[in-house]
Amino acid sequence: VTPNPPSPPAGPHPPVVTLPEPPSPPATRTDPSSLPPPPETPTRPPRPTTEPDQVLEYPPERLASVDDATYRPGDWLIGRSTYFDAPPAWKAKFEPHLFGDVHGNGCGSFTNKGPGLESNLNFTLPLDAVAAVADFDPRFYEGACGSCYEVGCITGPILDVATRENQTKLPLWRMASGRSFYDVDPNALDSFNRTVPGENVLIDPSDGTEWEYTRCWNESRTIYITIVDVCPCQYSWGKQSICCGPVPHFDLSYWAHELLAHPLQGKMMLRFRPVHCDTKEPVDARKGAIARMGVADVEENRSKERLNMLNGGGEAQRVF
């Protein structure tokens, strides 16, 4: 039998020794100016170099004008467009840019007018089939309310002058902040959950100049639009040069624009022709409103009468 070990002697236990905590390193102060800049949100894809299939210039046949001696009714004409109005989330994302609204149209006959009544919900035409027209060329502007056009997108640089002899490009557009819509959110989705196929820029291979550029969804597609508003050259706040010519210009609704190109691309070059609103048959652009409205016989002096539009858009609508 193994005896039990002896019990420890009675008495107080030895004191417990607590070691001190190691001292903390001294705090260091960082100069805010030395901090790296915050990362751009969202991450911006690298700027593309010029792509092999990018259009640097348009072939002459693309630049047809109603003034050409060879013009025939039904020919496609060269034009350009911006867009106005947008879903609320799109407007909020790209504040402080002002998009305006479709229901505040200058024609005044496509929605219920009056306090509390104006809304896109009671607009009488499809929102993806309406537009405004620039007021510099009377053949397209006079009597324009309710007239119709067939339009299609053309992939390529945005032109300020579009003739067979002169293709003057427009520089890449940016907001007052110095950022383009693409800079704000290159991954923004349109109403069909599509992202833009590429940044809307053409980098000039000769000198690196950034020209505005648009890639269409499908160049073979066309849509029909009804004119419900004016894109005025002169606004209360000053000149709106994009609507002052010399290129025929339309301001499509956001929803019409996105059928042809992603709305991160604020402008596009168009092929367009006036059509009869009911039959959609092309009509003679040289005859102006008489042809578009389907009036067979109108006296010459009446053909020069001007349809006065209401002032539309105002401070709340500026095009790109």
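The values are calculated or read from the model by the stated rules, or taken from the named source; none is laboratory data. Computed from a prediction, not measured in an experiment: that's the story for all the values here. Cβ coordinates were reconstructed from backbone atoms using ideal geometry, including for glycine residues, and neighbour counts include every protein chain displayed. For accessibility, only protein heavy atoms count, side chains too; no ligands or nucleic acids. Shrake-Rupley method; radii C 1.70, N 1.55, O 1.52, S 1.80 Å.
Of the trypsin sites (Lys or Arg not before Pro) in the range 241-284, which ones lie in a loop per DSSP and count no more than 14 other C-beta atoms within 10 Å?
Qualifying residues, ordered by number: Lys280.
Take the alpha carbon gyration tensor of the range 197-248, find the square roots of its eigenvalues, order them as a ≥ b ≥ c, and report rounded if a/c is under 1.5; if not, report prolate when a/b exceeds b/c, else oblate.
Verdict is oblate for the range 197-248.
Please tell me which of these pairs span more than 24 angstrom C-alpha to C-alpha: Lys91/Lys169; Lys93/Lys169; Lys93/Lys267?
Result: Lys91/Lys169; Lys93/Lys169 exceed 24 Å.
Sorted from largest down, give the three principal axis spans of the alpha carbons of the range 120-224, whole angstrom values.
If we take the Cα atoms of the range 120-224, the spans are 46, 39, 32 Å.
Picking from Leu170, Pro232, Gly198, whose Cα lies most toward the positive end of the charge dipole for the range 150-234 (charges on Cβ: Lys, Arg +1; Asp, Glu -1)?
Gly198
Carbon and sulfur: what percent of the range 164-220's accessible surface (1.4 Å probe)?
Looking at the range 164-220 in its full context, I get 47 percent from C and S.
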